[in-house]
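See below for the structure under consideration.
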Amino acid sequence: MLLKIHPENPSPRSIRKVVDILHDGGLIIYPTDTVYGIGCDIFNSRAVEKVARLKGVKVKDADFSFICHDFSHLSDYTRPIGSSYFKLISKNLPGPFTFILPASNNVPKLFKNKKKTVGIRIPDHSIILEIVRNFGRPILTTSIHDDDRVLEYTTDPELIHEKFKGQVDAVIDGGYGKNTPSTVVDCTGDEPLIMRQGLGELKL
């Protein structure tokens, strides 16, 4: 299903359709403030496995992140962070960043890796934030590109739908996406470390 949703004024009815898909264990493709992403309920192991198969990886080896609606969501799934990191994250979110943080016990076991970390995103995009807010908990996210090479099809929702129909339950058309991924910042050490420079310019 290709579902058009206005990027600045998302229809509550359309958002509810997407939330119902997530509750049913479905997969969605949606716009963010960077590239289009694939997501599902982080607590539905079958759906998470489907996303991993689409990406051609095992869940335990995948660099999946969570999209949160706000900072209360974020604090539910990460261990307490120091004030300097809290200020850094507050200054840059919502925005085109993925922050790697120490994972709390609320993170499903499926995602637990040796590092015990989790990637957190709060995109500056109304559609996905409204979906997550109405869903009531974070969704898994991974961008629809291969080997860090963002391909042209990722910007056009109609082409994305052509490629992924039959593999996901809904592709949300929120207009053309960007073709630069988020900036990934590791916040597990003494100083923030940029692991991948993407669209976001980190404000220190």
Who wins for biggest fluctuation among 107, 171, 57 in a Gaussian network model of the chain, springs between alpha carbons below 10 Å?
57
Explain nothing, just the number: relative contact order of segment 2-196, from Cα pairs under 8 Å at least 6 residues apart, as a whole percent.
34 percent
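Using +1 on the beta carbon of Lys and Arg, -1 on that of Asp and Glu, and nothing else charged, what's the dipole of the chain about the Cα centre, debye to 20?
On the way: 27 positive and 25 negative charges, 145 e Å.
Using only the charged Cβ atoms, the result is roughly 700 debye.
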Restricting to segment 2-196, what percent of DSSP beta bridges are antiparallel, rounded to 5?
60 percent
Express in whole angstrom the spacing between the alpha-carbon centres of segment 1-31 and segment 98-140.
18 Å
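Each value in this text was obtained by applying a stated rule to the coordinates, not by laboratory testing. Everything quoted here is computed from the prediction, not taken from an experiment. Cβ atoms come from the backbone with ideal geometry, glycine included; neighbour counts cover every protein chain shown.
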